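See structure below.
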Amino acid sequence: MKKLTIGLFGFGTVGEGLYQVLQKSKTVDAQIKRICVKNPNKKRRVSADLLTTNAEDILGDPEINLVVELIDNAEDAYSIVKTAMQRGKSVVSGNKAMLAVHMAEMIELQKQHGVALLYDASACGSIPVIRNLEEYYDNDLLTSVTGILNGSSNYILTKIFQDGETYEKALKEAQDLGFAESNPSFDVDGFDSLFKLIILTVHAFGVIIPPEDVFNFGISNLSDFDINYAKEKGRKIKLVARVGKVDDDTITLYVMPRMLTPNLYIYSVEEEYNGVVIRGQFYDKQFMFGKGAGALPTGSSVLSDITARFHDYRYEYKKYNSPQAPKYTTDNLIKVYLRYRNVNDFEHFRFAEISEKYTSNDYCYVVGKIRLSNLLSIKSLLPKLDIFLAAMS
């Protein structure tokens, strides 16, 4: 491909990280011509001549043949990416929320306008999970993808379990280091992992599932009682995303804290790192590990997408275009730990069976099997309840 002339949207943590790694890269002929930002007066380590606040300076420039979108706002990202592709420009995007909601349209736009949209950087930071699912697991022998997909929440949980810090202190550290946003809900309540899981599911199994149809629950209600319970059982709590086959024709997926035993690969994934276990029918387990947060690791992942586009790479969506794609179900049982105080909160949960139960004046808990469909039906209610929920390995 000819030289890439880049128009960059966003110059936050990842945008600046990309700018730094691109200066040092010798493997791709690419140059950033223009950077669109919201606030031109903010201090940045880049020439002011590159900056603009007008999106049209990039979208309307015929010399710019690759748009790189690295902004937080999903609606603005959608408008930018869609307009760029409609005007014949290929795009690299890091906006997992936008991609998860608009994936079907994004695939169709690529076909209609003969352009490519690459987004390995949207999931798992520096780990090239999407491209591996596209190229090396492009058959029906894949059975599950399970992983820690959010570096911010994993950093917080590491500080809690390894260093004995409180949730509040660990969260503040993650924010100070740039791993977590000032409003951390996106990370700690499992939405970031949810959007990433939906994207991975498209490439792993060829199925697009709306975010509202998938159960996610985070770590913000984690208490000392839950931490002590996990430690007494020889476990760690991690925020885990999983998609897997229930049988040959159906898959299920969810995001929630999980009480992990030491024999599992992701048990040892600490700090801002991500870890992904890919399981297959005949090749058993394969493990991918790398940094999932921070400017340079994620910037390097964006650079990888840019380099791939330089060599005319595009996703083929082989499984999505296959008539054999599985169906999505939530009619399956999962084993969970539920901690609660108020019996009225507990009554929202319809357990199929309970194997362990504890009651005291301060806290109560049960361990048992529950249908995922029950959890999904009360998903919007859970943030209002004084409970903590975790899958049991």
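Where a number appears in this text, it was derived from the coordinates with a stated rule and is not lab data. Nothing here was measured: the structure is a model prediction, and the numbers come from that model. Note that each Cβ is placed from the backbone with ideal geometry, even for glycine, and that neighbours are counted across all protein chains shown.
Structure values in brief
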read-out	value
Calculated [θ] (222 nm, deg cm²/dmol) that DSSP helices of n ≥ 4 give over the chain, each run adding -39,500 (n - 2.57)	-10000 deg cm²/dmol
Taking Cys364, Cys124, Cys36 and counting other C-beta atoms within 10 Å, the order from fewest to most	Cys364, Cys36, Cys124
With Cα atoms, 0 to 90° folded angle of helix 96-113 axis to the chain main axis	40
Degrees separating the helix 167-176 axis from the principal Cα axis of the chain, which is the longest one	10
³J(HN,Hα), Karplus 6.51/-1.76/1.60, whole Hz, each residue of the range 366-377, x for Gly, Pro	9, 10, x, 9, 9, 6, 4, 4, 5, 4, 5, 5
Whole-angstrom gap from the range 313-354 to the range 55-106, using each part's C-alpha centre	31
Cα long-axis angle, helix 13-24 against the chain (0 to 90 degrees, to the nearest 10)	50
Between the range 155-223 and the range 256-271, the alpha-carbon center distance in angstrom	14
Lys, Arg +1 and Asp, Glu -1 on Cβ, resulting dipole of the range 4-118 about Cα centre, debye, nearest 20	400
In Hz, Karplus ³J(HN,Hα) per residue of the range 77-82 (6.51, -1.76, 1.60; θ = phi - 60°; x = Gly, Pro)	4, 4, 4, 5, 5, 5
Within the chain: Cβ-based charge dipole about Cα centre, in debye rounded to nearest 20 (Lys, Arg +1; Asp, Glu -1)	440
Amide H partners (placed H, <5 Å) of Asn332, local residues excluded	Leu372, Ser373
In Hz, Karplus ³J(HN,Hα) per residue of the range 281-296 (6.51, -1.76, 1.60; θ = phi - 60°; x = Gly, Pro)	4, 10, 9, 6, 10, 10, 10, 10, 9, x, 5, x, 8, x, 5, 6
Most mobile listed residue (Ile35, Ile198, Ile148) in the chain, GNM with C-alpha springs under 10 Å	Ile35
Set of lysines near Lys159 by C-alpha distance (under 27 Å), chain-local residues within fewer than 8 positions excluded	Lys96, Lys169, Lys172, Lys196, Lys231, Lys233, Lys236, Lys238, Lys291, Lys335, Lys384
Rg/Rg_globular for the range 70-129, with Rg_globular taken as 2.2 N^0.38 Å and Rg from C-alpha atoms	1.04
GNM flexibility winner over the chain from Glu165, Glu353, Glu16 (Cα, springs under 10 Å)	Glu353
Most mobile listed residue (Pro257, Pro128, Pro210) in the chain, GNM with C-alpha springs under 10 Å	Pro210
Listed candidates (i) 1.20; (ii) 1.12; (iii) 1.01 - label of the one calculated as Cα Rg over 2.2 N^0.38 Å	(iii)
Inter-label distance, nm, simple model (7 Å from Cα along the C-beta direction), Glu165/Asp331	4.5
Cα lying deepest toward the dipole's positive end in the chain, options Val269, Leu200, Gly12, charges on Cβ	Val269
Protection-proxy order for peptides 324-334, 70-80, 228-238, 84-94, each taking the mean of Cβ atoms within 10 Å per residue, highest first	84-94, 70-80, 228-238, 324-334
